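All remarks here apply to the structure that follows.
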Amino acid sequence: MSNMLLTQINSPADLKRFRESELKTIAQELRAFIIDIVATKEGHLGASLGVTELTIALHYVFNTPDDILVWDVGHQAYGHKILTGRRDVFHTNRELDGISGFPKREESVYDTFGVGHSSTSISAALGMAMASQLKGMDRKHIAVVGDASIASGMAFEALNHAGVSGADLLVILNDNAIGIDPAVGALKDYLTKTKSGKETGQDNIFEALNFDYSGPIDGHDLDVLIPELQRQKTLNGPRLLHVRTTKGKGLKQAEIDQVRYHAPGKFDKITGDLTPSDTSALPPKFQDVFGHTIVELAEHNEDIIGITPAMPTGSSLKIMMDAMPDRAYDVGIAEQHAVTLAAGMASQGLVPFCNIYSTFLQRAYDQVIHDVALQKLPVIFCLDRAGIVGQDGATHHGNFDLAYLNCIPDLIIAAPMDAIELRNMMYTAQLGMDLPMAIRYPRGRGRILNWQVPFQELEIGKSRVIHKGSKIAIISIGTIGAMIDDLIRDNNLEITQVDMRFLKPLDTERLDAIFEHHEHVITIEDGTIIGGLGSVIVDYASAKAYKNNIYKLGIPDQFIQHGPTADLHKIAGIDRETVLRLIKKLSI
C-alpha cells in the first residue's frame, strides 16, 4: 500500500487538515506502515495495531500537545510516534541511538510522560490536570489505559482520588481483554459482561467512583470515535470512555494469536507468517529452564506453588499453569499483591515461587521488606530479566536488584552462572529454608545444551572456583561469569575466577583466600556498580584491612539506554574487550 496521505503528516496539525472521510485511508496507511517496519526491525506489534483508529481520532480531535495525552505502558504508542514527527526515523525504533520503543519526554513534546511500566497514566494525567487547575489553564488531559492495566492497584488508587478531585480528566479505557497475556480477574469478567455499561445487573463501578461513564463504543469505527471524542472535549470533570478494540487489528495472524504477536520478532509483512527459525540446537532460554524445572520440582513436592503478576508467557510459568492449573497463578498486573500473596502462602507452609521480572519487583519493594523479609517467610523470588535486557531500554533493564535487595536483612541473594546452577538453586530453595531467597537470572539463552541433569543441593553462601591462577583474581556473580570463563579459556590466561553464586550470605572464607594469594582483584557484575558485588567486596576488604588493588566493573551510576545487549555491555564497561584490556594492563 502506498503512503500518499501518511507522508504528508509530520504533526497533528497536518492531520487536522484532512477531511474526516480521509481518516480511514490514513488508518490503513498507518497500520501498513507499522507492519512494514516491525516485520523487519522487530518490536511491539499487536498493541499499536489495535489502537490505530483511536490514535488518529485523539490527535484529530484534541489540540495536542497543548491538550495532554498520556499513554499507559507505551506498547501501543507507535502510531502516536509516527503521527507526531517521527515517521522518517521510525525505522530506528529500539536501536542504539534510535528512538525509544516507549514514549519518552526528552524525545518529543508530544510524549508528555515517560512510561514503560503499567498503570501510571491515570496518576500522571491527574497530576497534570490538577496542576492546570491550580494554574488556571484551560486544557484537556487524557489518559489511555488498557483493561489489564486498569486492574492494577495504582490505577485504582488514581481513580479513587480522581473521582473526588473535580479535575478535568478523561480516562479512555482501551478494552481488548488482553495485556501481554490474556487479562485475568473479576474486573475482566465485569468488563466482558458489560454491554451498555449498565446491563451487568449491578451498579456501574466507574460511576460509583464519581466518573461520568460513557460506552462501550467500537474503537475501530472512526465515525463513532470522532463525534464521541468531540463530545468529551466539551465536558469537564472526571470522565471515563469505554472503548472496545481488537489487539493486532488488521493483521489476521496477530488477531488470532495475540500473545505471540505482542512482540513477534521478524515476520512476513504480506502474509503475517513468522520468520521460521530452528532453535532446537540452541541452549534453552533461562525462562524455560525455570518453567520446566518448577514443574519437575512440583511433581515431587506438593507444597510448591507458582505465582506471576501478568507474565506467564514471558516468565514461562505458563508451563506449570498448563501442567498444574490449580497450583500456578497469574494474578494480573499486581506485583505488590503477588509478593504478599506469596508471603501468606509461605506462612501456611506452602513453598511459593514468585516469578517477577527484576524491573517489576521494584514496584513491590515494601512488600519484600515488610511482608516477607521482616517475618522471615521463605518465599522464593525468581527474578527474570535481571541485568541489561537490550532494546526495551531503561524502563526494563534489571540493573538494580542486587543493590536494592542487598540492604535488606534476612534475605538470601543468589545468581546462577548457568542453567544447571539455576536448577540447583531452585532445588535447594524448595528443600526448606528459614529465610526468603531471591534468584536472579537474565533474559535470553545460556550456553549449556545438556542442562537437565540430576539435581544437587548447594551449600547456601558458598562460592566455587572456576579457574585457579595467581596474581589476578576475577570475582563474578551470575551469568556474566560465563563470559569470564570463556575469556580465560580462549586466551589461555593463568588467572583465578571465582563464581560467588551468592551475594548474601557472603563467602568470606573464599574472599580471605583470594586476598591472601592475589595482588589484583577484579569484581564484575551485570548490576549497578554502587551497592552490589563490588561494593560488598570493597567494604569487606576495608574491614579486614586488606591492601590488594581492587577494580570494580559493573553498570555505572546512570540509566542505560536501549539497544542490542552486546552494545550496552560495552557502554557499561562489562564487555569481554574491556575485561581483557584490564587483565593485560595488570599482567605487566
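The values are calculated or read from the model by the stated rules, or taken from the named source; none is laboratory data. Here the structure is a predicted model, which means the values were calculated and not measured. Here the Cβ is made from the backbone with ideal geometry for all residues, glycine too, and neighbour counts use every protein chain on show. Just the protein is used for accessible areas: all its heavy atoms, side chains included, with ligands, DNA and RNA removed. Shrake-Rupley method; radii C 1.70, N 1.55, O 1.52, S 1.80 Å.
Using the empirical formula 2.2 N^0.38 Å as the baseline, the Cα radius of gyration of segment 375-416 reaches a ratio of 1.32. Note that segment 579-585 has calculated 3J(HN,Hα) couplings of 5, 5, 4, 5, 4, 5, 5 Hz, one per residue in order, obtained from phi through the Karplus relation 6.51 cos²θ - 1.76 cosθ + 1.60 (θ = phi - 60°); glycine and proline are x. Shape analysis of segment 210-357 yields a ratio of the Cα radius of gyration to the Kirkwood radius, Rg/Rh, of 1.11. Principal axis analysis of the Cα atoms in segment 414-497 yields extents of 40, 27, 23 Å, listed in decreasing size. Rounded, prolate or oblate for the chain? Axes are the square roots of the Cα gyration tensor eigenvalues, ordered a ≥ b ≥ c, and the cut-off for rounded is a/c under 1.5. Prolate shape, in that a/c is at least 1.5 and a/b is the bigger ratio.
Determine the calculated [θ] at 222 nm for the chain from helices alone, applying -39500 (n - 2.57) to every DSSP H run no shorter than 4 residues and normalising by the residue count; nearest 500 deg cm²/dmol.
On the way: 23 runs with 207 residues, N = 588.
Helices in the chain give a 222 nm mean residue ellipticity of -10000 deg cm²/dmol.
Database remark: amide H of Lys504 closer than 5 angstrom to the amide H of Ile413 (H placed geometrically; neighbours at sequence offset of 5 or more, or on other chains; Pro and chain starts carry no H). A crude spin-label estimate for the pair Phe156 and Val538, with each label 7 Å from Cα along the Cβ direction, gives 4.3 nm.
Projected onto its three principal axes, the C-alpha set of segment 123-253 covers 48, 31, 28 Å, listed from the longest axis down. Here the 3J(HN,Hα) profile of segment 520-529, calculated from phi with Karplus coefficients 6.51, -1.76 and 1.60 at θ = phi - 60°, is 10, 10, 10, 10, 9, 8, 9, x, 4, 5 Hz, Gly and Pro shown as x.
Using the Stokes-Einstein relation with a Kirkwood hydrodynamic radius computed over Cα pairs, the translational diffusion coefficient of segment 353-403 at 20 °C and a viscosity of 1.002 mPa s comes to 186 µm²/s. Per the Kirkwood treatment, what hydrodynamic radius in Å, one decimal, follows for segment 1-53 from the mean inverse distance over all distinct Cα pairs? For segment 1-53, inverting the mean 1/r across all distinct Cα pairs yields 11.7 Å. Of the two radii for segment 521-575, the radius of gyration is 1.06 times the Kirkwood radius, both from the alpha carbons; that is the Rg over Rh value. For Lys318, a cut-off of 20 angstrom between C-alpha atoms picks up these aspartates and glutamates, skipping any fewer than 8 places away in its own chain: Asp181, Asp257, Asp288, Glu296, Glu299, Glu302, Asp303, Asp326, Asp330, Glu335, Asp384.
Quick one: which residues, 5 or more positions from Ile474 or on another chain, have an amide H under 5 Å from its amide H? H modelled 1.01 Å from N in the peptide plane, none for Pro or chain starts. Residues meeting the amide H criterion: Thr496, Gln497, Val498, Ile522. Over the chain, with every protein chain in place, what whole percent of the accessible area is carbon and sulfur at 1.4 Å, could you tell me? That share works out to 51 percent.
For the pair segment 439-463 and segment 520-564, the centres of their Cα atoms are 23 angstrom apart.
List the trypsin sites (Lys or Arg not before Pro) in segment 464-572 that DSSP assigns to loop (not H, G, I, E or B) and whose Cβ has at most 16 other Cβ atoms within 10 Å. Which are they? Working shown, then result.
Details: sites: Arg464, Lys468, Lys471, Arg489, Arg501, Arg510, Lys544, Lys547, Lys552, Lys570; in loops: Lys468, Arg501, Lys544, Lys547.
Of the trypsin sites (Lys or Arg not before Pro), the ones in loops of segment 464-572 whose Cβ has at most 16 other Cβ atoms within 10 Å are Lys468, Lys544, Lys547.
Packing, as the average of other Cβ atoms within 10 Å across residues, places the peptides 92-103, 335-346 in the order 335-346, 92-103, highest first. Computed from backbone phi with θ = phi - 60° and the Karplus coefficients 6.51, -1.76 and 1.60, the 3J(HN,Hα) list for segment 556-561 is x, 7, 7, 7, 8, 6 Hz; x is used for glycine and proline. Cα gyration tensor of segment 234-282, axes a ≥ b ≥ c as square roots of the eigenvalues: rounded (a/c below 1.5), prolate (a/b > b/c) or oblate? Prolate is the answer for segment 234-282, as a/c is 1.5 or above and a/b outweighs b/c. The H on the amide N of Ile555, modeled in the peptide plane, is under 5 Å from the matching H of Gly527, Thr528, Ile529, each at least 5 residues off or on a different chain.
Between the Cα long axis of helix 23-41 and the first principal axis of the chain there is an angle of about 10°, rounded to the nearest 10. Per-residue surface analysis assigns Leu431 an accessible area of about 80 Å², computed on protein heavy atoms at 1.4 Å probe radius. May I ask which of Lys468/Lys552; Lys266/Lys504; Lys544/Lys585; Lys135/Lys247; Lys188/Lys376 have a Cα-Cα span longer than 30 Å here? Going by Cα-Cα distance, Lys266/Lys504; Lys135/Lys247; Lys188/Lys376 fall outside the 30 Å limit.
Output the peptides 123-130, 104-111, 155-162 sorted from most to least packed, where packing is the average of other Cβ atoms within 10 Å over each peptide's residues. Working shown, then result.
On the way: 123-130: 21.4, 104-111: 16.5, 155-162: 19.6.
Descending packing order for the listed peptides: 123-130, 155-162, 104-111.
Rounded to 0.05, the FRET efficiency of the Leu134 and Ala323 pair, given R0 = 60 Å and the Cβ-Cβ distance, is 0.65. Distance between the C-alpha centres of segment 345-382 and segment 36-113: 35 Å, rounded to the whole angstrom.
Rounded to the nearest 0.05, the FRET efficiency derived from the C-beta distance between Lys193 and Asp410 at R0 = 51 Å is 0.70.
Gyration tensor analysis over the Cα atoms of segment 280-406 returns equivalent ellipsoid semi-axes of 21, 21, 12 Å (largest first, whole Å).
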